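Chemist: Before I ask anything, let me first share the structure, which is written out below as structure tokens.
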Amino acid sequence: MKRNTSHARRSSLDSASPGDILLFHHARGWSRLIPRFSGSRYHHVGLFAGGQWVIEARINGVVRRDVSQAKVRLRFRVIPAPGGPEAGRIALEWAQGQLGVRYAYFSIGALILDRLLERLIGPMDIVWRQRDRVSCGELVAQAYEAAGVRLFPDHEPEEVAPWDFAQLLRRHWH
């Protein structure tokens, strides 16, 4: 019997609220490079926008995407809005104002290189900030900063990568 993947995706969002964080795992295609170099299973992050929609920074920029229309089954964890539903609402509104902003290709490359070298030779500080461009982790971190919530006190938003959000999972469920 064929599994209804659209239903499976819908079920995983049933308890989500607008502004919650979606942390994606089980990468496919080029996205597999991120877990390979970061050592984390998480490769992407976005903000739940209600229904089946997510606001996210992708290769083609900041977009609003219907996750039920993906060609492959997307797998993600839902992290309730840090700071509560009002902070989630404000973060989502801010992120929606970023639609169309271009993707920070070099920034994510520098993050991967920084984390890889840190594992090999110790702490590094390689940060490549691209003006008027944003990565997925940076988008979510900036959105929550706009809502008055600093997700990662030890990192500037430009330094935040998808694998950093695993800390929020641990805080929420433990």
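Each reported figure results from applying straightforward, stated rules to the coordinates on display, with no laboratory input. A quick note: this is a predicted structure, and the numbers were derived from the prediction, not measured. Here the Cβ positions follow ideal geometry from the backbone for every residue, glycine too, while neighbour counts run over all protein chains shown.
Chemist: What's the extension gain from Gln96 to Gln167 if we count 0.36 nm per residue and subtract their Cα-Cα distance?
Modeler: 23.1 nm
Chemist: What's the ranking of 76-85, 147-156, 16-25 by average number of surrounding C-beta atoms within 10 Å, highest first?
Modeler: 16-25, 76-85, 147-156
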